[in-house]
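> Here it is, the structure, as structure tokens.
The values are calculated or read from the model by the stated rules, or taken from the named source; none is laboratory data. All values derive from a computational prediction rather than experimental measurement. Neighbour counts are summed over all protein chains in view; Cβ atoms, including those assigned to glycine, are modelled from backbone coordinates with ideal geometry. The accessibility values were calculated without ligands, DNA or RNA, using every heavy atom of the protein model including side chains. Shrake-Rupley method; radii C 1.70, N 1.55, O 1.52, S 1.80 Å.
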Amino acid sequence: MTNHSQPLRIAITGATGFLGRALVARLAARGHAPVAITRTREGAGRDAILWNPERGELHPDALAGFDAVVNLAGENIAQRWTDEAKRAIRDSRIQATELLARTIGAMDRPPNVFLSGSAVGIYGDRGEELLDESSPRGRGFLSDVVAAWEGATKAAERGDVRITHLRTGLVLDANGGALERMLPPFRLGLGGRIASGKQLMSWIALDDWTRAVEHLLHAAHASGPVNLVAPTPVTNADFTHALGTALGRPTLIPVPETAIRLAFGEMGESTLLASQRVVPTRLLGTGFGFEYETIEAALKAAVRE
């Protein structure tokens with residue numbers, strides 16, 4: 001069991017990505033020792049651990065002496081889902097997770113904690129249904145990928161390793177992810193709701209996401225899936241209004257559903273048009289407190305930075 005006041009050695013995949021960079025910065029600022037697991041040492045620090053998930057290459061002793069592993073590796077889903085893209089989205093997650101799990105499972109003294117990436121996409125398009133970690137999985141490509149992603153941790157299952165699946169929603173920050181891509185048209189006053197605007201969005205501020213992951217490193221009973229979303233999902237129309245208010249810009253130009261389908265295909269249907277009302281029941285149950293519980297506060301803070 002980890003001591004909350006004790007600095008931890010933490011190996012992190014995806015450390016140079018949007019979420020990984022923010023997590024490394026927070027952990028380092030809090031006195032922990034984050035170390036990147038990467039394909040190349042370039043820009044990753046002299047302590048970086050080298051691996052190649054496609055080839056199954058990770059030295060058996062690479063994770064020796066670490067208290068925890070955080071797995072954030074995976075191809076970006078924000079692209080048109082061609083057959084090739086779908087393979088990359090799935091394989092990048094499954095191969096990386098299986099390699100880490102096999103390595104951890106074979107160790108004499110494994111890390112105590114394995115936090116592995118996941119997503120609220122597992123719930124599928126569910127309208128206004130209230131969803132928490134006890135809800136059944138949904139249907140569709142994303143649901144299938146996330147279920148397999150979580151299942152890929154199986155080889156690490158042993159009594160001395162706690163496995164937690166980080167079911168992440170829409171992470172909000174002006175310098176990365178979906179919000180960064182939304183800001184240019186909204187700053188020009190060209191933003192608007194997507195389709196009917198009634199679809200529900202499950203979101204979390206980047207600061208709360210990094211705080212939650214650090215919290216879960218110490219939360220001894222938080223195993224299995226944990227939803228990393230704020231407790232207040234909002235409709236796309238309310239999100240749009242809040243972003244326009246935060247920027248001081250009008251939001252009068254809606255994006256038709258047909259335009260989303262033409263521009264993004266299946267990806268647009270499964271993300272921009274899908275509705276998910278997900279709440280963080282298990283995270284709140286561990287005593288975690290959010291800094292940004294409302295979309296208005298989160299977006300004001302994000303665009304102010």
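> With the Cα gyration tensor of segment 146-276 giving a ≥ b ≥ c as the square roots of its eigenvalues, does the rule (a/c under 1.5 for rounded; else a/b larger than b/c for prolate; else oblate) give rounded, prolate or oblate?
Verdict is prolate for segment 146-276.
> Right, here's the next one. Using 7 Å Cα-to-Cβ label points, what is the residue 52/residue 30 separation (nm, one decimal)?
3.5
> For the chain, report the translational diffusion coefficient in µm²/s to the nearest whole number, using Stokes-Einstein at 4 °C, 1.567 mPa s, and a Kirkwood Rh over Cα pairs.
In µm²/s, the coefficient rounds to 65.
> Using only alpha carbon pairs under 8 Å that are at least six residues apart, calculate the relative contact order of the chain and give it in whole percent. Before the final figure, lay out the partial values.
Details: 609 pairs, mean separation 57.8, N = 305.
The value is 19 percent.
> With the Cα gyration tensor of segment 142-199 in hand, give its eigenvalues times 5 under a square root as the equivalent ellipsoid semi-axes, listed largest first in whole angstrom.
37, 14, 8
> Summing +1 for each Lys or Arg and -1 for each Asp or Glu, what net charge is found among the other residues whose Cβ lies under 13 Å from the Cβ of residue 160? Mind dumping the intermediate values first?
On the way: positive: 109, 158, 162; negative: 67, 108, 157.
Residues close to residue 160 contribute a combined charge of 0.
> Another question, if that's okay. Below 14 angstrom from the Cβ of residue 226, what's the summed charge of the other residues (Lys, Arg +1; Asp, Glu -1)?
-1
> Given the C-alpha centroids of segment 142-181 and segment 111-126, what is the distance between them in whole angstrom?
3
> May I pose another question? What's the local net charge at residue 281, with K and R +1, D and E -1, over the other residues with C-beta under 9 Å away?
So the surrounding residues net to -1.
> How far is helix 177-187 tilted off the main Cα axis of the chain, in degrees rounded to 10, range 0 to 90?
For helix 177-187, the angle is close to 30 degrees.
> In nm, to one decimal, how far is the residue 158 label point from the residue 294 one, both placed 7 Å along Cα→Cβ?
Result for the modelled spin labels: 4.9 nm.
> Shape of segment 202-305 from its Cα gyration tensor (a ≥ b ≥ c, root eigenvalues): rounded if a/c is under 1.5, otherwise prolate when a/b > b/c, or oblate?
Values: a/c = 2.80, a/b = 1.55, b/c = 1.80.
The shape class here is oblate.
> Let me cross-check residue 291: its accessible surface, 1.4 Å probe, with only protein heavy atoms counted, in Å² to the nearest 10?
Result for residue 291: roughly 110 Å² accessible.
> Still on this structure, I have one more. So who's got an amide H within less than 5 Å of the one on residue 161, skipping anything under 5 residues away but keeping other chains? H placed 1.01 Å off N, in plane.
Those lying under 5 Å, H to H, from residue 161: there are none.
> Turning to a different aspect of this structure: Have a look at 246, 29, 62 and tell me which one the Gaussian network model of the chain (Cα, springs below 10 Å) gives the largest fluctuation.
29
> Further, regarding this structure: Ignoring everything but the protein chains, give the 1.4 Å probe accessible area of residue 86 in square angstrom, nearest 10.
Approximately 50 Å² of residue 86 is accessible to the 1.4 Å probe.
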